[in-house]
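Colleague: Here you go, one structure.
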Amino acid sequence: MEITHRARLALFQPETVWTLEAGTLVETRGKAVRRFPLSGLTRYRLAIDRKSGRRSLLVTFGKRRLVIVSQSYLAPGRFEDRLAGFSTLARALAAVGADLSPRARFGVARLQTRQALTWIMGLLALGAAAMLVFSLTAGMAAVGVEMAARMAFVLILLAAALPWLNHGATFDPHDPPTDLLP
């Protein structure tokens, strides 16, 4: 039994068809066909836009990513809701993916606080190093060391908070959340 979901992603793109057949997710966009064996599934992440009700699914197979959307493009600012087909495909992908790829992670997309904090820490470290180098070249070593030390202290505090940040909510792939997949 094949499970299919269709959606048009943009004005000048042909309709995209996602089909689940025999443990493989097949994406067909015009003449282009991509196949993703579910045994290689690494991440399954559901997201919802609370304002518009649009749902999307990010499925990752190693370094290859695939986004499946619940609404189809009709015209500028107008979308057709195809939630029934999306929900059926997303539930089937979760169940079959969990069976074929037991190491896959299933979760709900949230604000990426860990990733954002890591970027902030990297930029802060770069700023501290630049402050130190520029102050040394200007002959103001004492001021540069003092400023870089303060920036490094903030960097240490941010690094200490990193383990407590959440990794996102997970769910049982055989029983996905009903508020996201009715």
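Colleague: Would you check which residues across region 52-80 are assigned to a loop (DSSP other than H, G, I, E, B) and charged (D, E, K, R) and list them?
Modeller: Once the filter is applied, which keeps residues that are assigned to a loop (DSSP other than H, G, I, E, B) and charged (D, E, K, R), region 52-80 yields 54, 63.
Colleague: Just give me the residues in region 101-113 being open to solvent by less than 80 Å² (accessible area, probe 1.4 Å) and either more than 13 Å from residue 59 (Cβ to Cβ) or without any contact (Cβ under 8 Å) to a residue 60 or more places away in the chain (or both), in sequence order.
Modeller: The answer is 108, 113.
Colleague: Moving on to the next point. In region 15-51, how many residues are without any contact (Cβ under 8 Å) to a residue 12 or more places away in the chain and assigned to a loop (DSSP other than H, G, I, E, B)? Give the steps one after another, and end with the answer.
Modeller: Filtering region 15-51 down to residues without any contact (Cβ under 8 Å) to a residue 12 or more places away in the chain leaves 22, 26, 31-33, 35, 49-51.
Next, from what is left, pick out any that are assigned to a loop (DSSP other than H, G, I, E, B): 22, 31, 49-51.
Final tally of qualifying residues: 5.
Colleague: Kindly check whether there is at least one residue in region 39-48 that is open to solvent by 40 Å² or more (accessible area, probe 1.4 Å), under 19 Å from residue 2 (Cα atoms) and more than 18 Å from the chain's Cα centre (by Cα).
Modeller: yes
Colleague: Residue 136 versus (1) open to solvent by 90 Å² or more (accessible area, probe 1.4 Å); (2) within 30 Å of residue 53 (Cα to Cα); (3) not basic (Lys, Arg): which is the lone unmet condition?
Modeller: Against the list (1) open to solvent by 90 Å² or more (accessible area, probe 1.4 Å); (2) within 30 Å of residue 53 (Cα to Cα); (3) not basic (Lys, Arg), residue 136 comes up short only on (2).
Colleague: Please specify each residue of region 1-14 satisfying the condition of being touching an Asp or Glu at 6+ places or on another chain (Cβ under 6 Å) and either assigned to a strand (DSSP E or B) or surrounded by 13 or more Cβ atoms within 10 Å (Cβ to Cβ) (or both).
Modeller: So the first thing to find is which residues in region 1-14 are touching an Asp or Glu at 6+ places or on another chain (Cβ under 6 Å), and the list is 2, 6, 8.
Once the filter is applied, which keeps residues that are touching an Asp or Glu at 6+ places or on another chain (Cβ under 6 Å) and either assigned to a strand (DSSP E or B) or surrounded by 13 or more Cβ atoms within 10 Å (Cβ to Cβ) (or both), region 1-14 yields 6, 8.
Colleague: Now a separate question. Which is in contact with a helix residue (DSSP H, G or I) (Cβ under 7 Å, 6 or more places away or on another chain), under 30 Å from residue 55 (Cβ atoms) and assigned to a helix (DSSP H, G or I), of 97, 127?
Modeller: 97
Colleague: If you don't mind, there's one more thing I want to ask. Using beta carbons and a limit of 6 Å, which pairs, at least six apart or on different chains, have the first residue in region 57-77 and of a type in the set (Gly, Ala, Ser) and the second one open to solvent by less than 10 Å² (accessible area, probe 1.4 Å)?
Modeller: Once the first residue is of a type in the set (Gly, Ala, Ser) and sits in region 57-77, its partners that are open to solvent by less than 10 Å² (accessible area, probe 1.4 Å) give 70/86; 72/7.
Colleague: Next question. Within region 71-84, can one find any residue that is modelled with pLDDT under 85, open to solvent by 20 Å² or more (accessible area, probe 1.4 Å), within 14 Å of residue 176 (Cβ to Cβ) and touching a Leu at 6+ places or on another chain (Cβ under 6 Å)?
Modeller: Looking through region 71-84, none of the residues is modelled with pLDDT under 85, open to solvent by 20 Å² or more (accessible area, probe 1.4 Å), within 14 Å of residue 176 (Cβ to Cβ) and touching a Leu at 6+ places or on another chain (Cβ under 6 Å).
Colleague: Scan 116, 92, 84 and give me the residue that is closer than 30 Å to residue 154 by Cα, assigned to a helix (DSSP H, G or I) and either touching a strand residue (DSSP E or B) at 6+ places or on another chain (Cβ under 7 Å) or free of Cβ contacts under 8 Å to residues at least 24 places away in the same chain (or both).
Modeller: When all the criteria are applied, what remains is 116.
Colleague: Here is a further query. I need the full set of residues from region 95-105 which are closer than 20 Å to residue 3 by Cα, among the hydrophobic types (A, V, I, L, M, F, W, C) and touching a strand residue (DSSP E or B) at 6+ places or on another chain (Cβ under 9 Å), in order please.
Modeller: 96, 98, 100
Colleague: Exactly one of these conditions fails for residue 58: (1) buried (at least 17 other Cβ atoms within 10 Å of the Cβ); (2) in contact with a strand residue (DSSP E or B) (Cβ under 8 Å, 6 or more places away or on another chain). Give me its number.
Modeller: (1)
Colleague: In region 30-45, is there at least one residue being modelled with pLDDT of 90 or more and among the β-branched types (Val, Ile, Thr)?
Modeller: There is at least one residue in region 30-45 that is modelled with pLDDT of 90 or more and among the β-branched types (Val, Ile, Thr).
The values are calculated or read from the model by the stated rules, or taken from the named source; none is laboratory data. Since this is a predicted model, take the numbers as computed values, not measurements. All Cβ positions, glycine included, derive from the backbone under ideal geometry; neighbour counts span all protein chains shown. For accessibility, only protein heavy atoms count, side chains too; no ligands or nucleic acids. Shrake-Rupley method; radii C 1.70, N 1.55, O 1.52, S 1.80 Å.
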